[in-house]
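What follows is a single structure, written as structure tokens, with notes after it.
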Amino acid sequence: MHYKLAPSILAADFTRLGEQVRAVDEAGAQYIHLDVMDGAFVPSISFGMPVIKSLREITDKVFDVHMMVEEPGRYVEDMCRCGADLITVHAEACTHLDRVVNQIKEGGMRAGVAVNPATPLSVLDPILGELDMVLIMTVNPGFGGQKFIPYTMEKIRSLRRILTERELAADIQVDGGISSANVREVLEAGANVFVAGSAVFGEDPGARTREFLDIFGEYEA
Ligand code: DX5
Ligand code: ZN
């Protein structure tokens, strides 16, 4: 299994955003996690297309756009134009989830679906075979720096079992409260793509990135 780090720029210093993205890029982070919030699906408003488009000019890393937006289908084409490689939408935010997933794939991007902590995995059952990634939220979306919700660990284990049983290759991403202190446990539960905001940005994002990648190396060896 190959493990990937997706630093969330939500926790970056926005006055030095380019510099901080370059730091995690050069340190080897595989994805850049972009949290788009609309003030409706979640309470906060974060950033949107202009920021993503500007960052596209400074890095080739996979742009992993996490849409915390009601009816995100409205923005799939825009995100594609801004350079998104992978778009994750919330099952809770899509009236027509299948349509939105198809829209993403028809745009030539990879498609992920996120589920909030209290949303059962069963909502994904019919569409699981179509997905490139499932995002299991390990906090309630909307803010960085929250505490990992312990019961989500069991959802990660269950999803890993389901994917194995059905011989599906979708990635399992986790997002919220991930740190170098708990990442091993989450990895052992079955996740393979790790979002980390406050644990990466702050003092020396490059060094924090390498710390995560070294942990992954222990399991890849
Ligand atoms: C939460 C966002 C996360 C957030 C993670 O709504 O989706 O990506 O930035 O931040 P940390 O790692 O600090 O919990
Ligand atoms: Zn996120």
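The values are calculated or read from the model by the stated rules, or taken from the named source; none is laboratory data. Quick caveat: nothing in here was measured; it's all calculated off a predicted structure. Glycine also receives a Cβ, built like all others from the backbone with ideal geometry; neighbour counts cover every protein chain displayed. Each accessible area value is taken on the protein alone, full model and side chains, heavy atoms only, with ligands, DNA and RNA left out. Shrake-Rupley method; radii C 1.70, N 1.55, O 1.52, S 1.80 Å.
From the square roots a ≥ b ≥ c of the eigenvalues of the alpha-carbon gyration tensor of the stretch 81-176, which class results: rounded (a/c under 1.5), prolate (a/b over b/c), or oblate? In terms of gyration-tensor shape, oblate.
The overall shape of the stretch 51-121 is prolate: from the C-alpha gyration tensor, with semi-axes ordered a ≥ b ≥ c, the ratio a/c is 1.5 or greater and a/b exceeds b/c.
Could you tell me which residue out of 55, 39, 9 lies farthest along the dipole of the stretch 1-95 toward its positive end? Charges go on the beta carbon: Lys and Arg +1, Asp and Glu -1, centred on the Cα centre. Value computed over the given set: 55. In the chain, which longest range has no GluC sites (Glu not before Pro) that are both DSSP loop (not H, G, I, E or B) and surrounded by at most 11 other Cβ atoms within 10 Å? No qualifying site falls inside 58-166, the longest such stretch.
The residues of the chain expose, per residue, 43 Å² of accessible area to a 1.4 Å probe.
Counting only lysines at least 8 places from residue 105 when in the same chain, those with an alpha carbon closer than 24 Å to its own are 4, 53, 61.
Taking the accessible area of the stretch 92-221, probe 1.4 Å, and keeping the other protein chains in place, the carbon and sulfur fraction comes to 49%. Within the chain, DSSP assigns beta bridges of which about 5% are antiparallel (rounded to the nearest 5). With a/c under 1.5 counting as rounded, go ahead and sort the stretch 163-221 into rounded, prolate or oblate using the C-alpha gyration tensor (a ≥ b ≥ c being the square roots of the eigenvalues; past the cut-off, prolate if a/b is larger than b/c, else oblate). Verdict is prolate for the stretch 163-221.
Which FRET efficiency, nearest 0.05, do residue 214 and residue 70 yield, Cβ-Cβ r, R0 30 Å?
0.15
Helical content alone sets the calculated 222 nm signal of the chain at -10000 deg cm²/dmol, taking -39,500 (n - 2.57) per DSSP H segment of four or more residues and averaging over every residue. Which of 212, 197, 89 sits farthest toward the positive end of the charge dipole of the chain, with +1 on the Cβ of Lys and Arg and -1 on the Cβ of Asp and Glu? Checked the options; the winner is 89.
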